[in-house]
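Enquirer: Sharing a structure below in structure tokens format, with a few things to ask.
Each value in this text was obtained by applying a stated rule to the coordinates, not by laboratory testing. What you see is a predicted model, and the numbers here were worked out from it, not measured in a lab. Positions of Cβ are generated from backbone atoms using ideal geometry, with glycine treated the same way; all protein chains shown enter the neighbour counts.
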């Protein structure tokens, strides 16, 4: 389902599993709210799946999930699909990930395909954990529509200089997300100075929306004071 926050101008959505009837997709779309992107399915949550794309031996399931997500994106007008790597390691997983990304990029008909580094504290064993790893994958696949989702929270949780990392991979970034470090709350506290970071992102020439993917304490609308303060910068 789409995730819409009060005051937002665009939304994102969790991942679909099966190909949808057009009417059902349009029924759950918030009217007048463009959809930035959605995820491929994470798989079987009860069995510990957190994405499928890098898992050897599950290529057929992975590609069905990619096709389903792209079908949803086409109907809903989503700009991008985030292809979740999953919990895996080793050369076979790296090759499987790249092969499936080539498939996704080819089938995307120009739509953006995103990969996201996720920190190992939140997702132990996730294949893609750092911006540099994502940059290497993008360089290997060599598809013009393959980009990185740069989540400032995940990079900050790695203890890395978020701005320096963003500058290092900026040419490969298709979407930027924010949340407080280390508690993943609203981006108005913690170890990362978002007021300064937002100014730097603007100075880099970023023209696309920023995604706020955080965990509010209580009602989401009550947590949006940071947004008004950010707009006043």
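Enquirer: Distance between the C-alpha centers of the stretch 145-208 and the stretch 102-120? Whole Å please.
Expert: The stretch 145-208 and the stretch 102-120 have Cα centres separated by 19 Å.
Enquirer: When the chain is fully extended, how far beyond the present Cα-Cα distance does residue 207 get from residue 195, taking 0.36 nm per residue of separation?
Expert: Values: separation 12, 0.36 × 12 = 4.32 nm, distance 1.72 nm.
The residue 207-residue 195 span can extend by a further 2.6 nm.
Enquirer: Using per-residue counts of other Cβ atoms within 10 Å, averaged over each peptide, order 42-53, 149-160 from highest down.
Expert: Peptide ranking by packing, descending: 149-160, 42-53.
Enquirer: Any idea what the relative contact order of the chain is, in percent, if you count C-alpha pairs under 8 Å spaced at least 6 apart? Don't skip to the answer; put the middle values down first.
Expert: On the way: 426 pairs, mean separation 31.1, N = 233.
Computed value for the chain: 13 percent relative contact order.
Enquirer: Roughly what would the spin-label model give for residue 233 and residue 109, points 7 Å off Cα along C-beta, in nm?
Expert: 3.7 nm
Enquirer: What is the calculated FRET efficiency for residue 168 to residue 219, with r their C-beta to C-beta distance and R₀ = 41 Å, to the nearest 0.05?
Expert: 0.65
Enquirer: Among 183, 106, rank each residue by its count of other Cβ atoms within 10 Å, from fewest to most, as a rough exposure measure.
Expert: The most exposed by this proxy come first: 106, 183.
Enquirer: A further question follows. What are the semi-axes of the equivalent ellipsoid of the stretch 140-219, taken as the square roots of 5 times the eigenvalues of the Cα gyration tensor, listed largest first and rounded to whole Å?
Expert: Details: eigenvalues 100, 37, 31 Å².
Working from the Cα gyration tensor, I get semi-axes of 22, 14, 13 Å.
Enquirer: Can you tell me what the convex hull of the Cα atoms of the chain projects to on average, as an area in nm²?
Expert: Its average projected convex-hull area is 12.5 nm².
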